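Written out below as C-alpha coordinates is the structure these notes cover.
The values are calculated or read from the model by the stated rules, or taken from the named source; none is laboratory data. Everything numeric in this text was worked out from a predicted model, so none of it was measured. Heads up, the Cβs are rebuilt from the backbone with ideal geometry, glycines too, and the neighbour counts pull from every protein chain shown. Side chains included, ligands, DNA and RNA excluded: accessible areas come from the protein's heavy atoms. Shrake-Rupley method; radii C 1.70, N 1.55, O 1.52, S 1.80 Å.
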Amino acid sequence: MSVPAVPANFFAGLECPRCGAWLDGQSLVGTCACGSPLLARYRLEEAATALPREALAAREPTLWRYHEMLPDPGAHRICLGEGFTPLLPAVTLGDELGLSRLYLKDEALNPTGSFKARGMATAVSMAKALGATRLALPSAGNAGSAAAAYGARAGLAVDLFLPESTPVPFRLEAEVTGARVHLIPGSIADCGAALRKRTAGFGWFDLSTLREPYRLEGKKTMGYEIAEQMGWQLPDVVVYPTGGGTGLIGMWKAFAEMEALGWTTAARPRMVSVQAEGCAPIVRAFERGEETAAPWEDPRTEASGLRVPSAIGDFLILRAIRESGGTAVAVSDAEMRAGIRRIGRTEGCVTAPEGGATVAAVQRLLACGWIRPDDRVVLFLTGTGLKYLESLTG
Ligand SMILES: *Cc1c(COP(=O)(O)O)cnc(C)c1O
(Lines give C-alpha, C1' and ligand atoms only; values in the text may rest on other atoms or scores of the structure.)
Protein backbone atom coordinates (compact mmCIF):
# COMPACT_ATOMS: atom_id res chain seq x y z
CA MET A 1 0.00 0.00 0.00
CA SER A 2 1.40 3.37 -0.92
CA VAL A 3 1.62 6.00 1.75
CA PRO A 4 0.46 9.45 0.63
CA ALA A 5 3.29 11.95 0.51
CA VAL A 6 3.35 14.25 3.51
CA PRO A 7 2.91 17.76 2.13
CA ALA A 8 6.03 19.82 2.62
CA ASN A 9 5.69 22.68 5.04
CA PHE A 10 8.38 25.16 5.90
CA PHE A 11 6.99 26.60 9.14
CA ALA A 12 9.91 27.05 11.55
CA GLY A 13 8.47 28.74 14.65
CA LEU A 14 7.36 32.07 16.09
CA GLU A 15 9.54 35.12 16.57
CA CYS A 16 8.92 38.25 18.59
CA PRO A 17 9.68 41.33 16.44
CA ARG A 18 10.19 43.44 19.58
CA CYS A 19 12.39 41.39 21.95
CA GLY A 20 13.60 38.61 19.64
CA ALA A 21 12.15 35.73 21.72
CA TRP A 22 11.63 32.45 19.83
CA LEU A 23 8.83 29.89 20.36
CA ASP A 24 8.43 26.57 18.58
CA GLY A 25 4.76 27.16 17.72
CA GLN A 26 3.72 23.66 18.82
CA SER A 27 1.24 24.89 21.43
CA LEU A 28 -1.57 27.41 21.67
CA VAL A 29 -0.05 30.85 22.27
CA GLY A 30 -1.21 34.45 22.21
CA THR A 31 1.30 37.29 22.37
CA CYS A 32 4.95 37.27 23.44
CA ALA A 33 5.66 37.57 27.17
CA CYS A 34 6.85 41.13 26.40
CA GLY A 35 3.38 42.00 25.06
CA SER A 36 4.27 42.17 21.36
CA PRO A 37 2.50 40.22 18.60
CA LEU A 38 4.41 37.10 17.45
CA LEU A 39 5.35 36.51 13.81
CA ALA A 40 5.48 33.11 12.10
CA ARG A 41 8.81 32.32 10.48
CA TYR A 42 9.65 29.80 7.76
CA ARG A 43 12.73 27.98 6.50
CA LEU A 44 12.98 30.26 3.49
CA GLU A 45 16.31 29.00 2.14
CA GLU A 46 15.06 25.44 2.05
CA ALA A 47 11.77 26.54 0.50
CA ALA A 48 13.58 28.58 -2.15
CA THR A 49 15.08 25.42 -3.64
CA ALA A 50 12.16 23.04 -2.97
CA LEU A 51 9.25 25.25 -4.02
CA PRO A 52 9.38 26.93 -7.44
CA ARG A 53 6.53 29.38 -8.07
CA GLU A 54 5.53 27.36 -11.16
CA ALA A 55 4.31 24.64 -8.77
CA LEU A 56 1.37 26.86 -7.83
CA ALA A 57 -0.32 27.22 -11.21
CA ALA A 58 -2.45 24.06 -11.10
CA ARG A 59 -3.55 24.35 -7.48
CA GLU A 60 -6.98 24.95 -5.93
CA PRO A 61 -8.18 28.57 -6.05
CA THR A 62 -8.08 29.20 -2.29
CA LEU A 63 -5.42 30.70 -0.04
CA TRP A 64 -4.31 27.17 0.85
CA ARG A 65 -2.53 27.04 -2.51
CA TYR A 66 0.32 28.64 -0.53
CA HIS A 67 0.12 26.00 2.22
CA GLU A 68 3.87 25.44 2.44
CA MET A 69 4.21 29.07 3.55
CA LEU A 70 1.38 28.88 6.08
CA PRO A 71 1.16 27.23 9.51
CA ASP A 72 0.17 23.57 9.17
CA PRO A 73 -3.11 22.55 10.84
CA GLY A 74 -2.78 18.99 9.49
CA ALA A 75 -6.18 17.31 9.31
CA HIS A 76 -7.85 20.33 10.94
CA ARG A 77 -7.78 22.65 7.95
CA ILE A 78 -11.11 24.54 7.98
CA CYS A 79 -11.91 25.79 4.49
CA LEU A 80 -14.97 27.64 3.18
CA GLY A 81 -13.32 28.57 -0.12
CA GLU A 82 -11.45 31.65 1.16
CA GLY A 83 -8.92 33.57 -0.87
CA PHE A 84 -7.85 33.76 -4.51
CA THR A 85 -10.31 36.60 -5.06
CA PRO A 86 -10.30 38.37 -8.42
CA LEU A 87 -7.85 41.15 -9.25
CA LEU A 88 -9.95 43.26 -11.60
CA PRO A 89 -8.44 45.73 -14.07
CA ALA A 90 -10.42 48.95 -13.48
CA VAL A 91 -10.28 50.72 -16.83
CA THR A 92 -13.31 52.99 -16.47
CA LEU A 93 -12.50 54.05 -12.92
CA GLY A 94 -8.85 54.47 -13.92
CA ASP A 95 -9.86 56.75 -16.84
CA GLU A 96 -11.98 58.89 -14.55
CA LEU A 97 -9.21 59.23 -11.99
CA GLY A 98 -6.38 59.59 -14.50
CA LEU A 99 -4.63 56.26 -13.87
CA SER A 100 -3.70 53.99 -16.76
CA ARG A 101 -3.00 50.86 -14.69
CA LEU A 102 -5.51 50.59 -11.87
CA TYR A 103 -6.67 47.30 -10.29
CA LEU A 104 -9.28 46.35 -7.70
CA LYS A 105 -8.70 43.39 -5.40
CA ASP A 106 -12.29 42.42 -4.63
CA GLU A 107 -12.25 40.84 -1.19
CA ALA A 108 -16.06 40.90 -0.99
CA LEU A 109 -16.00 37.52 -2.72
CA ASN A 110 -14.62 35.80 0.36
CA PRO A 111 -16.86 33.69 2.64
CA THR A 112 -18.83 36.05 4.95
CA GLY A 113 -18.13 38.88 2.50
CA SER A 114 -14.77 40.21 3.65
CA PHE A 115 -11.07 39.45 3.85
CA LYS A 116 -11.52 38.67 7.55
CA ALA A 117 -12.27 35.14 6.30
CA ARG A 118 -8.61 34.75 5.33
CA GLY A 119 -7.31 35.38 8.81
CA MET A 120 -9.99 33.33 10.51
CA ALA A 121 -9.42 30.36 8.20
CA THR A 122 -5.81 30.03 9.34
CA ALA A 123 -6.36 31.12 12.96
CA VAL A 124 -9.37 28.87 13.63
CA SER A 125 -7.73 25.92 11.86
CA MET A 126 -4.64 26.30 14.04
CA ALA A 127 -6.65 26.88 17.22
CA LYS A 128 -8.53 23.65 16.52
CA ALA A 129 -5.32 21.77 15.68
CA LEU A 130 -3.64 22.98 18.89
CA GLY A 131 -6.54 22.02 21.14
CA ALA A 132 -8.67 25.13 21.73
CA THR A 133 -12.32 24.39 22.49
CA ARG A 134 -13.81 27.85 22.87
CA LEU A 135 -13.00 31.01 20.95
CA ALA A 136 -13.69 34.65 21.79
CA LEU A 137 -12.98 38.01 20.23
CA PRO A 138 -13.99 41.66 20.12
CA SER A 139 -15.06 42.79 16.66
CA ALA A 140 -16.42 45.80 14.85
CA GLY A 141 -18.33 43.44 12.56
CA ASN A 142 -16.61 41.44 9.85
CA ALA A 143 -14.07 39.68 12.06
CA GLY A 144 -16.92 38.47 14.24
CA SER A 145 -18.90 37.17 11.25
CA ALA A 146 -15.87 35.29 9.99
CA ALA A 147 -14.92 33.86 13.39
CA ALA A 148 -18.50 32.67 13.87
CA ALA A 149 -18.57 30.93 10.49
CA TYR A 150 -15.19 29.21 10.81
CA GLY A 151 -15.91 28.34 14.43
CA ALA A 152 -19.18 26.70 13.36
CA ARG A 153 -17.41 24.65 10.72
CA ALA A 154 -14.70 23.65 13.18
CA GLY A 155 -17.23 22.70 15.86
CA LEU A 156 -15.88 25.28 18.33
CA ALA A 157 -17.95 27.59 20.55
CA VAL A 158 -17.54 31.30 19.69
CA ASP A 159 -18.26 34.30 21.94
CA LEU A 160 -18.27 37.71 20.25
CA PHE A 161 -18.00 41.12 21.91
CA LEU A 162 -19.49 43.71 19.56
CA PRO A 163 -20.04 47.46 20.09
CA GLU A 164 -23.73 48.25 20.65
CA SER A 165 -23.56 50.42 17.53
CA THR A 166 -22.64 47.47 15.26
CA PRO A 167 -24.99 47.38 12.24
CA VAL A 168 -27.68 44.70 12.59
CA PRO A 169 -26.58 42.51 9.61
CA PHE A 170 -23.27 41.69 11.31
CA ARG A 171 -25.01 40.63 14.50
CA LEU A 172 -27.60 38.49 12.74
CA GLU A 173 -25.00 36.82 10.56
CA ALA A 174 -22.95 35.85 13.61
CA GLU A 175 -26.02 34.54 15.43
CA VAL A 176 -27.12 32.47 12.43
CA THR A 177 -23.72 30.78 12.44
CA GLY A 178 -24.08 29.93 16.10
CA ALA A 179 -22.00 32.54 17.91
CA ARG A 180 -23.01 34.00 21.26
CA VAL A 181 -23.12 37.78 20.87
CA HIS A 182 -22.38 40.19 23.75
CA LEU A 183 -23.23 43.84 22.95
CA ILE A 184 -20.91 46.28 24.74
CA PRO A 185 -21.22 50.10 25.09
CA GLY A 186 -18.37 51.98 23.39
CA SER A 187 -15.82 51.07 20.74
CA ILE A 188 -13.97 47.89 19.85
CA ALA A 189 -11.35 48.87 22.44
CA ASP A 190 -14.05 48.67 25.15
CA CYS A 191 -15.11 45.29 23.74
CA GLY A 192 -11.53 44.04 23.99
CA ALA A 193 -11.31 45.20 27.59
CA ALA A 194 -14.63 43.50 28.44
CA LEU A 195 -13.42 40.27 26.88
CA ARG A 196 -10.04 40.25 28.58
CA LYS A 197 -11.71 40.83 31.93
CA ARG A 198 -13.43 37.46 31.47
CA THR A 199 -11.14 35.23 29.36
CA ALA A 200 -9.19 33.81 32.27
CA GLY A 201 -12.20 32.20 33.91
CA PHE A 202 -13.88 30.80 30.82
CA GLY A 203 -11.11 28.93 29.01
CA TRP A 204 -11.64 31.08 25.93
CA PHE A 205 -8.89 31.35 23.36
CA ASP A 206 -8.56 35.03 22.42
CA LEU A 207 -8.64 35.57 18.63
CA SER A 208 -8.27 39.38 18.82
CA THR A 209 -6.29 41.05 16.06
CA LEU A 210 -2.57 40.25 16.46
CA ARG A 211 -3.10 38.68 19.89
CA GLU A 212 -2.54 35.30 18.28
CA PRO A 213 -0.04 34.74 15.45
CA TYR A 214 -2.05 33.08 12.66
CA ARG A 215 -4.70 35.56 11.48
CA LEU A 216 -1.77 37.53 10.09
CA GLU A 217 -0.63 34.49 8.09
CA GLY A 218 -4.03 34.14 6.40
CA LYS A 219 -4.11 37.83 5.61
CA LYS A 220 -0.60 37.83 4.15
CA THR A 221 -1.86 35.65 1.30
CA MET A 222 -3.30 38.83 -0.26
CA GLY A 223 0.33 39.72 -0.97
CA TYR A 224 1.08 36.33 -2.52
CA GLU A 225 -2.05 36.57 -4.65
CA ILE A 226 -1.45 40.01 -6.13
CA ALA A 227 2.09 38.88 -7.03
CA GLU A 228 0.85 35.70 -8.70
CA GLN A 229 -2.08 37.46 -10.41
CA MET A 230 0.22 40.18 -11.79
CA GLY A 231 2.69 37.69 -13.26
CA TRP A 232 5.12 38.10 -10.30
CA GLN A 233 5.61 41.81 -11.00
CA LEU A 234 4.49 43.57 -7.84
CA PRO A 235 2.49 46.79 -8.23
CA ASP A 236 4.01 50.21 -7.55
CA VAL A 237 1.41 51.20 -4.98
CA VAL A 238 -0.95 49.25 -2.67
CA VAL A 239 -3.79 51.23 -1.10
CA TYR A 240 -5.11 49.57 2.07
CA PRO A 241 -7.84 50.72 4.48
CA THR A 242 -6.24 50.20 7.88
CA GLY A 243 -7.84 49.35 11.20
CA GLY A 244 -5.82 46.83 13.21
CA GLY A 245 -3.39 46.67 10.29
CA THR A 246 -3.16 42.89 9.91
CA GLY A 247 -3.46 43.03 6.14
CA LEU A 248 -0.86 45.72 5.70
CA ILE A 249 1.65 44.07 8.04
CA GLY A 250 0.86 40.68 6.49
CA MET A 251 1.38 41.81 2.91
CA TRP A 252 4.64 43.51 3.80
CA LYS A 253 5.76 40.22 5.36
CA ALA A 254 4.64 38.33 2.24
CA PHE A 255 6.67 40.61 -0.02
CA ALA A 256 9.80 39.90 2.04
CA GLU A 257 9.11 36.16 2.00
CA MET A 258 8.53 36.04 -1.74
CA GLU A 259 11.73 37.96 -2.36
CA ALA A 260 13.65 35.42 -0.22
CA LEU A 261 11.97 32.59 -2.15
CA GLY A 262 13.17 34.11 -5.41
CA TRP A 263 9.58 34.52 -6.62
CA THR A 264 9.74 38.31 -6.99
CA THR A 265 12.43 40.93 -7.45
CA ALA A 266 13.40 43.57 -4.92
CA ALA A 267 10.98 46.24 -6.17
CA ARG A 268 8.27 46.22 -3.53
CA PRO A 269 5.13 48.39 -3.53
CA ARG A 270 4.79 51.63 -1.61
CA MET A 271 2.15 50.93 1.03
CA VAL A 272 -0.59 53.50 1.55
CA SER A 273 -2.54 53.25 4.79
CA VAL A 274 -6.01 54.84 4.56
CA GLN A 275 -7.95 55.74 7.70
CA ALA A 276 -11.07 57.73 8.57
CA GLU A 277 -10.80 61.39 9.60
CA GLY A 278 -12.77 60.48 12.72
CA CYS A 279 -10.29 57.76 13.73
CA ALA A 280 -6.81 58.17 12.30
CA PRO A 281 -4.22 57.16 14.92
CA ILE A 282 -1.81 55.73 12.36
CA VAL A 283 -2.01 58.77 10.05
CA ARG A 284 -1.34 61.09 13.00
CA ALA A 285 1.62 59.02 14.22
CA PHE A 286 3.04 58.76 10.70
CA GLU A 287 2.86 62.52 10.21
CA ARG A 288 4.51 63.14 13.57
CA GLY A 289 7.31 60.69 12.84
CA GLU A 290 6.39 58.52 15.83
CA GLU A 291 7.15 54.81 16.18
CA THR A 292 3.93 53.94 17.98
CA ALA A 293 0.46 55.49 17.78
CA ALA A 294 -1.28 57.16 20.71
CA PRO A 295 -4.91 55.99 21.16
CA TRP A 296 -7.52 58.05 19.29
CA GLU A 297 -10.09 59.67 21.60
CA ASP A 298 -13.76 59.24 20.66
CA PRO A 299 -13.39 57.30 17.39
CA ARG A 300 -16.18 58.05 14.91
CA THR A 301 -16.74 56.64 11.44
CA GLU A 302 -19.31 54.58 9.53
CA ALA A 303 -16.48 52.37 8.36
CA SER A 304 -16.59 49.99 11.31
CA GLY A 305 -13.43 48.18 10.19
CA LEU A 306 -11.54 51.46 10.59
CA ARG A 307 -13.01 52.32 13.99
CA VAL A 308 -9.92 51.01 15.80
CA PRO A 309 -8.63 53.66 18.22
CA SER A 310 -5.44 51.83 19.11
CA ALA A 311 -3.73 48.88 17.45
CA ILE A 312 -1.41 46.48 19.24
CA GLY A 313 0.57 46.20 16.00
CA ASP A 314 0.92 49.99 15.57
CA PHE A 315 4.74 49.83 15.48
CA LEU A 316 4.63 47.13 12.79
CA ILE A 317 2.17 49.13 10.65
CA LEU A 318 4.29 52.28 10.91
CA ARG A 319 7.46 50.32 10.19
CA ALA A 320 5.96 48.76 7.05
CA ILE A 321 4.68 52.09 5.72
CA ARG A 322 8.09 53.73 6.23
CA GLU A 323 10.21 50.84 4.95
CA SER A 324 8.11 50.75 1.81
CA GLY A 325 8.42 54.48 1.14
CA GLY A 326 4.67 54.69 1.62
CA THR A 327 2.34 57.16 3.28
CA ALA A 328 -0.85 57.46 5.33
CA VAL A 329 -4.00 59.39 4.44
CA ALA A 330 -7.23 60.20 6.33
CA VAL A 331 -10.49 60.65 4.42
CA SER A 332 -14.00 61.68 5.49
CA ASP A 333 -17.08 59.47 5.68
CA ALA A 334 -18.68 61.60 2.92
CA GLU A 335 -15.71 60.81 0.68
CA MET A 336 -16.10 57.10 1.48
CA ARG A 337 -19.76 57.21 0.42
CA ALA A 338 -18.81 58.98 -2.80
CA GLY A 339 -16.13 56.33 -3.34
CA ILE A 340 -18.65 53.50 -2.89
CA ARG A 341 -20.91 55.00 -5.56
CA ARG A 342 -18.05 55.70 -7.93
CA ILE A 343 -16.71 52.14 -7.73
CA GLY A 344 -20.21 50.76 -8.13
CA ARG A 345 -21.07 52.94 -11.13
CA THR A 346 -17.78 52.45 -12.97
CA GLU A 347 -16.84 48.86 -12.17
CA GLY A 348 -19.92 47.08 -10.81
CA CYS A 349 -18.56 46.26 -7.35
CA VAL A 350 -20.63 46.97 -4.21
CA THR A 351 -17.97 47.72 -1.64
CA ALA A 352 -17.95 48.66 2.03
CA PRO A 353 -17.05 52.22 3.13
CA GLU A 354 -13.52 50.99 3.83
CA GLY A 355 -13.17 50.15 0.12
CA GLY A 356 -14.77 53.46 -0.84
CA ALA A 357 -12.09 55.21 1.20
CA THR A 358 -9.34 53.97 -1.12
CA VAL A 359 -10.71 56.01 -4.04
CA ALA A 360 -10.61 59.25 -2.07
CA ALA A 361 -7.05 58.48 -0.96
CA VAL A 362 -5.93 57.88 -4.54
CA GLN A 363 -7.51 61.13 -5.73
CA ARG A 364 -5.63 63.01 -3.06
CA LEU A 365 -2.29 61.33 -3.83
CA LEU A 366 -2.67 61.86 -7.58
CA ALA A 367 -3.45 65.54 -7.06
CA CYS A 368 -0.22 66.11 -5.14
CA GLY A 369 1.87 64.01 -7.53
CA TRP A 370 2.67 61.27 -5.01
CA ILE A 371 1.01 58.73 -7.32
CA ARG A 372 1.94 59.09 -10.98
CA PRO A 373 -0.59 58.49 -13.79
CA ASP A 374 1.24 55.37 -15.03
CA ASP A 375 1.87 53.78 -11.61
CA ARG A 376 0.43 50.29 -11.23
CA VAL A 377 -1.99 50.81 -8.34
CA VAL A 378 -4.00 48.16 -6.45
CA LEU A 379 -6.98 49.25 -4.34
CA PHE A 380 -8.16 46.81 -1.69
CA LEU A 381 -11.96 46.53 -1.59
CA THR A 382 -11.85 44.77 1.74
CA GLY A 383 -15.50 43.82 2.17
CA THR A 384 -18.99 43.81 0.70
CA GLY A 385 -21.16 46.91 1.03
CA LEU A 386 -24.26 44.82 1.66
CA LYS A 387 -23.87 44.81 5.45
CA TYR A 388 -23.58 48.62 5.62
CA LEU A 389 -27.07 49.68 4.56
CA GLU A 390 -26.70 53.23 5.88
CA SER A 391 -23.62 53.88 3.80
CA LEU A 392 -25.34 52.70 0.65
CA THR A 393 -28.34 54.96 0.96
CA GLY A 394 -26.75 58.26 0.03
C1 LIG B 1 -11.35 44.76 9.47
C2 LIG B 1 -11.59 45.54 8.24
C3 LIG B 1 -10.63 46.46 7.77
C4 LIG B 1 -9.34 46.73 8.51
O5 LIG B 1 -8.47 45.62 8.38
P6 LIG B 1 -7.13 45.47 9.23
O7 LIG B 1 -6.35 44.44 8.52
O8 LIG B 1 -7.53 45.07 10.61
O9 LIG B 1 -6.46 46.80 9.22
C10 LIG B 1 -10.88 47.08 6.56
N11 LIG B 1 -12.02 46.86 5.86
C12 LIG B 1 -12.97 46.00 6.29
C13 LIG B 1 -14.21 45.82 5.48
C14 LIG B 1 -12.79 45.30 7.49
O15 LIG B 1 -13.72 44.45 7.91
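Determine whether GLU277 is within 30 Å of GLY35 (Cα to Cα) and either buried (at least 20 other Cβ atoms within 10 Å of the Cβ) or within 16 Å of the ligand (Cβ to nearest atom) (or both).
Spelling it out, GLU277 is indeed within 30 Å of GLY35 (Cα to Cα) and either buried (at least 20 other Cβ atoms within 10 Å of the Cβ) or within 16 Å of the ligand (Cβ to nearest atom) (or both).
With the requirement that a residue be in a helix (DSSP H, G or I), touching a Leu at 6+ places or on another chain (Cβ under 8 Å) and within 13 Å of the ligand (Cβ to nearest atom), what does the stretch 222-251 give you?
Answer for the stretch 222-251, where residues must be in a helix (DSSP H, G or I), touching a Leu at 6+ places or on another chain (Cβ under 8 Å) and within 13 Å of the ligand (Cβ to nearest atom): THR246, ILE249, GLY250.
Could you tell me which of the residues ALA361, ALA334, ALA352, ALA320 is within 12 Å of the ligand (Cβ to nearest atom) and closer than 23 Å to GLU287 by Cβ?
After ruling out the rest, the residue left standing is ALA320.
In this structure, is THR209 within 25 Å of PRO73 (Cβ to Cβ), modelled with pLDDT under 95 and near the ligand (Cβ under 8 Å from one of its atoms)?
So THR209 fits the description; yes.
Between residues in the stretch 202-228 that are within 23 Å of PHE84 (Cα to Cα) and of a type in the set (Ser, Thr, Tyr) and residues that are open to solvent by 10 Å² or more (accessible area, probe 1.4 Å) and assigned to a loop (DSSP other than H, G, I, E, B), which pairs lie under 6 Å by C-beta distance while being six or more apart or on different chains?
If the second residue must be open to solvent by 10 Å² or more (accessible area, probe 1.4 Å) and assigned to a loop (DSSP other than H, G, I, E, B), the pairs left are THR209/GLY244.
Restricting the first residue to the stretch 298-323 and requiring it to be polar (S, T, N, Q), which pairs with a second residue that is assigned to a loop (DSSP other than H, G, I, E, B) and within 11 Å of the ligand (Cβ to nearest atom) meet a Cβ separation below 9 Å and a spacing of at least six or different chains?
Once the first residue is polar (S, T, N, Q) and sits in the stretch 298-323, its partners that are assigned to a loop (DSSP other than H, G, I, E, B) and within 11 Å of the ligand (Cβ to nearest atom) give THR301/ARG307; SER304/SER139; SER304/ALA140; SER304/GLY141; SER304/GLY243; SER304/ALA352; SER304/TYR388.
Just checking: which of the strands (runs of 3 or more DSSP E) contained wholly in the stretch 1-106 hold 1 or more residues that are surrounded by 20 or more Cβ atoms within 10 Å (Cβ to Cβ)?
Strands (runs of 3 or more DSSP E) meeting the threshold: 11-15, 39-42, 101-106.
Kindly list the number of the only condition in (1) at pLDDT 95 or above; (2) hydrophobic (A, V, I, L, M, F, W, C); (3) open to solvent by 10 Å² or more (accessible area, probe 1.4 Å) that fails for ILE226.
ILE226 satisfies every listed condition except (3).
Among the residues of the stretch 123-145, is there at least one that is within 12 Å of the ligand (Cβ to nearest atom), in contact with a helix residue (DSSP H, G or I) (Cβ under 9 Å, 6 or more places away or on another chain) and among the β-branched types (Val, Ile, Thr)?
Looking through the stretch 123-145, none of the residues is within 12 Å of the ligand (Cβ to nearest atom), in contact with a helix residue (DSSP H, G or I) (Cβ under 9 Å, 6 or more places away or on another chain) and among the β-branched types (Val, Ile, Thr).
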